[in-house]
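Structure first, then comments.
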Amino acid sequence: MAAAAAAARESWQAASPRRRRSAARRPKRRGAAAAAGTPGAEPEVEGGAVLRRIQEANSCLQKHLEQLRAPEGPLSEALGHLHLDTPPVEADAAPGPVPEETLVPGTCCFKCVCYGVGNFASCATARSQLAFLLLLLERCQVPRSHCWVYDPLFSQLEIAVLSALGVVVLRENEEGKRSVCGEPTVFYMPHCGTALYNNLLWRNWSVDALSKVVIIGNSFRGLKERLLTRILHKHYPYVAKILTGLEEVVFPQTPRYMDVFNDTSVHWFPVQKLTQLPTDTWAFREEPDYQDCEDLEIIRKTTEEPPALT
């Protein structure tokens, strides 16, 4: 594993993608697909082989992005509009304890949090999404130690591989309820359930906090188009309320990576737009519960967590 870890620390290059048209529907989770023997799923292998496959996926993805001729794209635009001023004394988001591991010393300007990348050891689509995360960290000059990753479906092998890659594997299912703690943060959430985006917005529901957030994930415009208006406002009110306070640029659509980045956009929340929202927008801060929500596409915290490595 040591040799594999050394190989994993090789440098990764990145380029930002250009526009694409949003797909009509979001695919099912890769972890569930792999477990069911869906086409594209592969048998799990040992850690060194997984790392080699990730590196191969990275090389292919890097070449593909370079062919798009987009060194400056939606990601650069989003990061350029982040609000980097010193946060005010009051809390950025809804009250609650902040996990100790979110506060990492260092001079890095950005942090990164990744939810829902899936079972990359057995699924090529999830592996390509993980490869993009590594390219993203390089592009944003974010040290891997400043990147937190979580998926309740991770196997012990995948946790070990991620640790070898140098990212921080979260041990608790946060359900997306993570505060930016006043620091600019990129949330990479490929093909996650709508509730996860809603939870993230709730936890950072203030002008100052949201102006420091970039979300790479399902198109919010697509969510609005697919969900009935009453369902969107009842179960995902934070997504519904923020639609006029964000900027969104879609990822490129290409046949080779159709299952990897379909319905994916870069979202950010300019201060100018947030301050133009009605004043009562920020008064509502009720924590989402989804008690009577059908087809909830997240794994709740009450579900048994995988055992931590010893």
> Identify, please: which residue in the range 244-272 is among the charged types (D, E, K, R) and farther than 28 Å from His233 by Cβ and is, among those, nearest to the chain's Cα centre (by Cα)?
Replying inline: Asp259
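One line per residue, one yes/no per condition, for (1) more than 16 Å from the chain's Cα centre (by Cα); (2) of a type in the set (A, V, I, L, M); (3) at pLDDT 90 or above; (4) outside any loop (DSSP other than H, G, I, E, B):
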residue: Pro105; (1), (2), (3), (4): yes, no, no, no
residue: Cys109; (1), (2), (3), (4): yes, no, no, no
residue: Val113; (1), (2), (3), (4): no, yes, yes, yes
residue: Phe120; (1), (2), (3), (4): no, no, yes, no
residue: Leu130; (1), (2), (3), (4): no, yes, yes, yes
residue: Leu134; (1), (2), (3), (4): no, yes, yes, yes
>> Tell me whether the range 148-158 contains one or more residues that are in a helix (DSSP H, G or I), out of contact with any strand residue (DSSP E or B) (no Cβ under 9 Å at 6 or more places or on another chain), surrounded by fewer than 22 Cβ atoms within 10 Å (Cβ to Cβ) and among the polar types (S, T, N, Q).
In response: yes
> What is the one condition in (1) among the small types (Gly, Ala, Ser); (2) touching a Ser or Thr at 6+ places or on another chain (Cβ under 9 Å); (3) over 15 Å from Met189 (Cβ atoms) that Gly217 does not satisfy?
Replying inline: (3)
>> Looking at the range 116-160 only, could you name the residues that are small (Gly, Ala, Ser) and touching a Lys or Arg at 6+ places or on another chain (Cβ under 9 Å)?
In response: Gly116, Gly118, Ala121, Ser122, Ala124, Ala126
>> So in the range 259-283, with the set limited to residues that are loosely packed, with under 14 Cβ neighbours inside 10 Å and without any contact (Cβ under 8 Å) to a residue 60 or more places away in the chain, which one is nearest to Phe187 (Cα to Cα)?
In response: Gln272
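Return yes when Pro252 is under 21 Å from Leu61 (Cβ atoms), in a loop (DSSP other than H, G, I, E, B) and not basic (Lys, Arg) and no when it is not.
So Pro252 fits the description; yes.
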> In the range 159-180, how many are of a type in the set (Ser, Thr, Tyr) and either within 17 Å of Arg144 (Cβ to Cβ) or part of a strand (DSSP E or B) (or both)?
Replying inline: 1
> Got a sec? Which of Asn119, Asn173 is under 22 Å from Arg300 (Cα atoms) and touching a helix residue (DSSP H, G or I) at 6+ places or on another chain (Cβ under 9 Å)?
Replying inline: Asn119
> Which of the residues belonging to the range 264-305 are hydroxyl-bearing (Ser, Thr, Tyr) and not in a loop (DSSP other than H, G, I, E, B)?
Replying inline: Thr264, Ser265, Thr279, Thr281
>> Suppose we keep only residues that are assigned to a loop (DSSP other than H, G, I, E, B) and modelled with pLDDT of 95 or more within the range 181-210. Which one would you say is surrounded by the fewest Cβ atoms within 10 Å (Cβ to Cβ)?
In response: Ser206
> In the range 220-229, is there at least one residue being in a helix (DSSP H, G or I), touching a Gly at 6+ places or on another chain (Cβ under 6 Å) and more than 22 Å from Thr125 (Cβ to Cβ)?
Replying inline: no
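The values are calculated or read from the model by the stated rules, or taken from the named source; none is laboratory data. Remember, it's a predicted structure, so these values are computed and weren't measured experimentally. Ideal geometry is used to build each Cβ from the backbone, glycine not excepted, and the neighbour counts take in all protein chains shown.
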